[in-house]
Amino acid sequence: MTASWAQQTACEIDVAAFVLDEDEQVSFDEDFVFYGAPENPGGTVRLLSDGPTEQTVSIGLVTLPPSARKVVVAAAVDGSPAFGDVGALHISSGPGAGAAALVQATLDAATSERTTLLAEIYRRGGSWRLRAVEQGYDHGLGALARSYGVDIAD
């Protein structure tokens, strides 16, 4: 899944992913994939690009462990503006790097949010599905990570 936005001068945008179990918690802290840890231990979820206007998360759905029920992809503002100042975020997803996008969405309803859930890739029966979310929070990425059970040092 790729997220993109207009060039920013007052902040950076960081994309992150969480591999969650049926209780919507990470099985271990390394299932939090972000700029500081761009790959989970099995390499099934990886942050492929870390650019100023676009970042891609690669998810190997067939290689995720059976306990993985959902992968949540989020974005956070690193700087003083909020997502209302950033403007529209565009997400797209396809079957692999370089393949045409099968799903695209524009998320543009943010106001004061500093962190936003972009999409959920979740199991339903034997299939994986993608849902565009755009659920925002006024707190930062660390607080979101804690809510998913990641142990973050203060």
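The values are calculated or read from the model by the stated rules, or taken from the named source; none is laboratory data. Nothing here was measured: the structure is a model prediction, and the numbers come from that model. Positions of Cβ are generated from backbone atoms using ideal geometry, with glycine treated the same way; all protein chains shown enter the neighbour counts. Just the protein is used for accessible areas: all its heavy atoms, side chains included, with ligands, DNA and RNA removed. Shrake-Rupley method; radii C 1.70, N 1.55, O 1.52, S 1.80 Å.
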Selection status of Val73, aliphatic (A, V, I, L, M), closer than 22 Å to Asp23 by Cβ and touching a Leu at 6+ places or on another chain (Cβ under 7 Å)
yes
Considering only the stretch 118-148, how many residues are closer than 15 Å to Glu24 by Cα, modelled with pLDDT of 95 or more and open to solvent by 80 Å² or more (accessible area, probe 1.4 Å)?
1
Only one of (1) over 18 Å from Gln7 (Cα atoms); (2) in contact with a strand residue (DSSP E or B) (Cβ under 7 Å, 6 or more places away or on another chain) fails for Ala88. Which number is that?
(1)
Selected residue [modelled with pLDDT of 95 or more and in contact with a strand residue (DSSP E or B) (Cβ under 7 Å, 6 or more places away or on another chain)] from Ala68, Ala101:
Ala68
Please find, among Ala105, Ala100, the residue that is surrounded by 13 or more Cβ atoms within 10 Å (Cβ to Cβ) and either of a type in the set (A, V, I, L, M, F, W, C) or over 14 Å from Val57 (Cβ atoms) (or both).
Ala105
Looking only at strands (runs of 3 or more DSSP E) that lie completely in the stretch 1-114, which have at least 3 residues being closer than 22 Å to Ser147 by Cβ and either within 12 Å of the chain's Cα centre (by Cα) or of a type in the set (Val, Ile, Thr) (or both)?
11-20, 54-59, 70-79
Could you please let me know if Gly60 is farther than 12 Å from Met1 by Cβ and free of Cβ contacts under 8 Å to residues at least 40 places away in the same chain?
yes
Is there any pair linking a residue in the stretch 1-30 that is without any contact (Cβ under 8 Å) to a residue 24 or more places away in the chain to one that is open to solvent by less than 20 Å² (accessible area, probe 1.4 Å) and assigned to a strand (DSSP E or B), with Cβ under 8 Å and at least six apart or on different chains, and which?
none
Somewhere in the stretch 96-113, is a residue polar (S, T, N, Q) and under 18 Å from Ala10 (Cβ atoms)?
yes
Just to be sure, is Glu134 in contact with a strand residue (DSSP E or B) (Cβ under 6 Å, 6 or more places away or on another chain), in a loop (DSSP other than H, G, I, E, B), in contact (Cβ under 8 Å) with a residue 24 or more places away in the chain and among the charged types (D, E, K, R)?
no
Return the total of residues in the stretch 35-92 being in contact with a Pro (Cβ under 9 Å, 6 or more places away or on another chain), open to solvent by less than 50 Å² (accessible area, probe 1.4 Å) and under 21 Å from Gly140 (Cα atoms).
1
Checking Asp151 against (1) assigned to a loop (DSSP other than H, G, I, E, B); (2) of a type in the set (D, E, K, R); (3) surrounded by fewer than 16 Cβ atoms within 10 Å (Cβ to Cβ); (4) free of Cβ contacts under 8 Å to residues at least 60 places away in the same chain, which test does it fail?
(4)
